[in-house]
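The next block holds one structure in the form of structure tokens; read it before the comments.
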Amino acid sequence: MTSPWLMAALVVCALPLPLRAVEEVVEAPDYQAVVVRFADTLLDHGRDTYGPRQTALWCGVIMLEDYAVPQDAAKIRLRKGARVQDRAVGGCNLHHDVSTLHAFRTLSAVSGDAKYAQAVTDYVRDYVAVAQHPKSGLLGWGEHMYYDVFTDAVHLEYGRSGVVHELIEWTTPWEVLWEVDAQATTRAITGLKYHFYGENPALTGWLFNRHGTWSGSYSSAAKAQPWIKHAALFAYAYAFLYGKNTSPEVETRARGIGALYWNHRDPTTGLAPVCLPGIEGKSGHMEVDITSFPLAAYFLLKAGRISAADPEASQRGLSMVKAFLTRAWDPATATYRPKLNLDGTPFVETVPQAILAASRPVNPWAMGYGGSSSGLPRLGRIAAYCARQDQDPEFRIAAVRIADLLMAAPMPADVSPEALGFGIHLDLDLFDLTKERKHLTRADQTARIAVARMFSNGLIRSAPDSTIYESKSGAGDLLSALLRLSLRLQNSPDPVGSHDWSF
């Protein structure tokens, strides 16, 4: 007998792509049951049973037909907006699973079945055991590194001769790691010092290289890439650690790196660049973009909330988000400009490749690397998060505006699980803020499309026509969105002490 949620999926498959065309003509799927099936499938078929050393890690790429884990990235189609060096084909990257970790822990609290939370504990325990460098303490995760389950070693990045450490743009799950292994987590955070040029970063103005040396040597100033969002991620890490040990050195680092870009803002607009020039003359990126600047502000806001290391960090983050929302809004096109100059004027590309990329239309739902992303789903969720922390109505107005832009746009054929999850979460953010039923209805509409188009054989496709599950595509964001929606449709509160659904 066909289940109600599958019937809903079949009906939605026949509906037009624009979300505004979706009508509530069938009973809503049982979203919690969908999440449970995914979780059970991943735990039954997606754990590391490969190589001489088998672990509790979750494989990052899985074939949907037979649950095989492929080894050769060249044989697995690269989806739009992704880069081959960022994938974890044949392995596991814990940072790709951040949202899934939170969803599994919440699922245990909601369902009463402890195995999902235990699976998170087992995963984190084994990851720090196999993927933490013995000298630097840095973990083999993030933008360019992962653990290869076939060779039982941290994978060298494609096209490079060595391994570089770079944090990725989900909030680093330090709390989850700390609960499993506080000592390993401390070493992972203190190891961030190797992104700087020496033991005392203040001597070089807190500049750093976003590509740190995993093996444990200080970065070269000649290769400086002190990108804004990474500065804020470091500030968040140090703020977290300060909340655990109140070390004066950690406090100094949290304040120093947390104020770096704040001190380089334009005094009139409040905007700061993507990347400052290096101390040895390496050119920076002095434009402001829709992804990096709001993300940095978001992580700073979180850093101020997580401990007293830098009490002013939260206010700085709120101020930066507001500056971008104010300066980037373009009434003529009724959307947000993707790039600005520091004085708030529109940024004009001069590099031929960038000019070509900027000339191509970008769907509001697009989420990917560089010019393949609209930046709107993240900006909307950041605005909604700010609205939860501050009474300034401008944040809520911006979040509503962005949600409306998403709902008015046709959903692209190659939409990602991450984008769908962000769309659902954004409307749920607004429902929690306003209690307006339309946001819950729209979240349900988006979720029906997601269930119909993205779920296959118990897992989540990396794109609607994909034959693989890939954690990097944001499967965990969609998973957590469906679980949150299930609670809201049942008018159930969030479990006590659960994650706050942020990304």
Over all pairs of different Cα atoms in segment 374-503, the reciprocal of the mean inverse distance gives a Kirkwood radius in Å of 14.8
Per-residue accessible area for E394 at 1.4 Å probe radius, Å² rounded to 10?
60
Hydrodynamic radius (Kirkwood) for segment 296-351, which is based on Cα pairs only, to one decimal in Å:
12.7
Zone residues, segment 306-324, relative to E249, backbone N less than 18 Å from point 7 Å out along Cα-to-Cβ:
309
Let me check I've understood the local charge: for L426, count other residues with C-beta under 15 angstrom from its C-beta, Lys and Arg +1, Asp and Glu -1. What total comes out?
0
Given a 1.4 angstrom probe, I'd like the percentage of the accessible area of segment 234-377 that is carbon and sulfur, rounded to a whole number.
54
Nearest-5 percent of antiparallel DSSP beta bridges in the chain?
90
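Please sort 295-307, 239-251, 182-194 by packing, taking for each peptide the average over its residues of neighbouring beta carbons within 10 angstrom, highest first.
Going by the mean number of other Cβ atoms within 10 Å, highest first, we get 295-307, 182-194, 239-251.
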Report the rotationally averaged projected area of segment 68-151 based on its alpha-carbon convex hull, in square nanometres.
6.9
Would you compute, for the Cα atoms of segment 18-159, the largest minus smallest coordinate along each principal axis and list the three values in descending order, in whole Å?
56, 36, 28
Which of the pairs K115/K472; K339/K472; K302/K435; K80/K472; K244/K472; K244/K302 have their Cα atoms more than 19 Å apart in this structure?
K115/K472; K339/K472; K302/K435; K244/K472
The chain - convex hull of alpha carbons, volume per residue in Å³
146
Take the alpha carbon atoms of segment 80-228, find their radius of gyration, then divide it by 2.2 N^0.38 Å using N residues; give the quotient.
1.10
With viscosity set to 1.306 mPa s at 10 °C, what whole-number translational diffusion coefficient in µm²/s follows for segment 244-310 from Stokes-Einstein and a Kirkwood radius over Cα pairs?
119
Evaluate the charge dipole of segment 418-503 about its Cα centre and quote only its size in Debye, nearest 20, assuming +1 on the Cβ of each Lys and Arg and -1 on the Cβ of each Asp and Glu.
280
Counting only protein heavy atoms and using a 1.4 Å probe, what share of the accessible area of segment 71-186 belongs to carbon plus sulfur, as a whole percent?
49
Rounding to the nearest 20 debye, state how big the charge dipole of the chain is about its Cα centre with +1 on each Lys and Arg Cβ and -1 on each Asp and Glu Cβ.
660
Along the dipole axis of the chain (charges at Cβ: +1 for Lys and Arg, -1 for Asp and Glu; origin at the Cα centre), the most positive-end residue among F104, L295, T55 is L295
State the Cα centre-to-centre distance between segment 67-116 and segment 383-460 in whole Å.
22
Give a residue-ordered list of calculated ³J(HN,Hα) values for segment 300-311 (Karplus: 6.51 cos²θ - 1.76 cosθ + 1.60, θ = phi - 60°; whole Hz; x for Gly, Pro).
5, 4, 5, 4, x, 7, 7, 6, 9, 4, 9, x
Compute the distance from the alpha-carbon center of segment 243-320 to that of segment 130-152, in whole Å.
27
Please work out the FRET efficiency for the pair T326 and A114, using the Cβ-Cβ distance as r and a Förster radius of 56 Å; give the result to the nearest 0.05.
0.75
Compare the Cα positions of I189, P226, L241 along the charge dipole of segment 169-286 (+1 at Cβ of Lys, Arg; -1 at Cβ of Asp, Glu; about the Cα centre) and return the one farthest towards the positive end.
P226
Charge dipole of the chain about the Cα centre (unit charges at C-beta), most positive-ward option of A153, L433, G344
G344
Note to self: with every protein chain in place and a 1.4 Å probe, the chain gives an accessible area per residue in Å² of 38
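The values are calculated or read from the model by the stated rules, or taken from the named source; none is laboratory data. Since this is a predicted model, take the numbers as computed values, not measurements. Backbone-built Cβ (ideal geometry, glycine too); neighbour counts: all protein chains shown. Areas reflect the complete protein model, heavy atoms only, side chains present, ligands, DNA and RNA absent. Shrake-Rupley method; radii C 1.70, N 1.55, O 1.52, S 1.80 Å.
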